[in-house]
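Student: I'd like to ask you about the structure that follows.
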Amino acid sequence: GIYRTEKDKGTLYELTFKGDTKHQFKKIVLFRPFGPVMKVKNENVNVADTLINVIVPLAKRASKFRQFMQNFREMGIQQDGRIHLTVVYFGNEQMNEVKSILENTSKSASFKNFTFIQLNEEFSRGKGLDVGARFWKGNNVILFFCDVDIYFTAEFLNSCRLNTQPGKKVFYPVLFSQYNPSIIYGHHGSIPSLKQQLVIKKETGFWRDFGFGMTCQYRSDFINIGGFDLDIKGWGGEDVHLYRKYIHSNLMVIRTPVRGLFHLWHEKQCLDELTPEQYKMCMQSKAMNEASHSQLGMLVFKQEIEKHLHREKWRKKKT
């Protein structure tokens, strides 16, 4: 469930429960106008026929794409099944490897709902997502803007369906971002498997409440709002610009943490060609991605800690 409080009205609660069948849900909306709770709505919601088009912009990173496709196959194809994948690829380097991974998954999983678009130009996340969204020629569809280093669950895909509504609602989930596993599990001797790492604890990661890149909205709303600002190049900025457009529109923006959406750790490189503002944003993101404040502190003060332990050991020997 999610809730929203408006200072001059009260609190609105949206509660979603599993229904009688696999794809059916019951949604209850309650309103508390700074007084007794009032029932606003009680309805059955069927998402069996609601398709999601996952759009992934990509350049190189074939090994990460292989990992992404393992997740996509398990959660998107096998568990969910109402999904389309659009890959917008920039350049030629590693393109054949990426296409081979996509085609092998298609054959082995009997999955044909995918589109591969190749652009001979410099990588731009906003341009890739915009091209992928506009390329769709079918009926109105939910667009899930996704990155190659994202892990999602089938439960998240249903959250995407339940929190979007054409002409009314767009969904901006807050995802859980993984810290550097080599720092988190460095003292364990070995790093656990990926699925064992996907635990929501303050020691393993943080809620990326400053990130607006992973979002679900209907294609019609994206087109009507004007899409991305294509003048923004490289890393960062285009997602915040789109978010601000939705905030200032008549659409309701649903912004809430979700348990089934993870940003997997990877080394972040901040390129010299970024604008000063983009470079600063990139470095701030890089710092937050490594470890918690206390864990980074243990690394920074490692020598002092070791000296202290050595002195303690020496005192005990003397006594």
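The values are calculated or read from the model by the stated rules, or taken from the named source; none is laboratory data. Predicted model, so just to flag it, every value in this text is computed and none were measured. Methodologically, a virtual Cβ is constructed for each residue, glycine included, from the backbone with ideal geometry; neighbour enumeration extends over all protein chains shown. To get the accessible areas, we keep the full protein, side chains included, count just its heavy atoms, and leave off ligands, DNA and RNA. Shrake-Rupley method; radii C 1.70, N 1.55, O 1.52, S 1.80 Å.
Student: What nm distance separates the two modelled labels at Leu309 and Glu155, each placed 7 Å from Cα along Cα→Cβ?
Tutor: Distance between label points: 3.7 nm.
Student: Using θ = phi - 60° and the Karplus form 6.51 cos²θ - 1.76 cosθ + 1.60, what ³J(HN,Hα) does each residue of the stretch 45-59 get, whole Hz, x for Gly and Pro?
Tutor: Whole-Hz 3J(HN,Hα) from phi for the stretch 45-59: 10, 10, 10, 4, 9, 8, 8, 10, 9, 7, 10, 10, x, 8, 9.
Student: Give me the 1.4 Å probe accessible area per residue for the stretch 154-278, excluding ligands and nucleic acids, in Å².
Tutor: 50 Å²
Student: Name the residues whose placed amide hydrogens come within less than 5 Å of the amide hydrogen of Gln118, ignoring near sequence neighbours (fewer than 5 apart) on the same chain.
Tutor: Those lying under 5 Å, H to H, from Gln118 are Tyr89.
Student: Where only protein heavy atoms count, and the probe is 1.4 Å, what is the accessible area per residue for the stretch 1-63 in Å²?
Tutor: Ligands and nucleic acids excluded, the result is 66 Å² per residue.
Student: Counting only protein heavy atoms and using a 1.4 Å probe, what share of the accessible area of the chain belongs to carbon plus sulfur, as a whole percent?
Tutor: 52 percent
Student: Measuring from label point to label point, each 7 Å out along Cα→Cβ, what is the Val40 to Ser100 span in nm?
Tutor: Going from the Val40 label point to the Ser100 one covers 5.3 nm.
Student: Gaussian network model of the chain, Cα springs within a sub-10 Å range: biggest mean-square fluctuation belongs to which of Phe25, Phe144, Phe152?
Tutor: Evaluated over the chain, the most mobile residue of the options is Phe25.
Student: Long-range amide H contacts for Thr215: which residues qualify at under 5 Å (H placed 1.01 Å from N, peptide plane, sequence gap of 5 or more or a different chain)?
Tutor: Amide H neighbours of Thr215: Phe145.
Student: Something else: Whole-Hz Karplus ³J(HN,Hα) for the stretch 190-204, in order, using 6.51 cos²θ - 1.76 cosθ + 1.60 and θ = phi - 60°, x for Gly and Pro?
Tutor: 8, 7, x, 5, 4, 5, 6, 7, 7, 10, 8, 9, 5, 7, 9
Student: Cut-off 10 angstrom, C-alpha nodes, Gaussian network model of the chain. Which of Gly167, Gly138, Gly19 fluctuates the most?
Tutor: Fluctuation is largest for Gly138.
Student: Which pairs, out of Lys137/Lys280; Lys39/Lys168; Lys245/Lys280; Lys27/Lys169; Lys127/Lys169; Lys41/Lys168, put more than 27 Å between their alpha-carbon atoms?
Tutor: Flagged as over cut-off: Lys137/Lys280.
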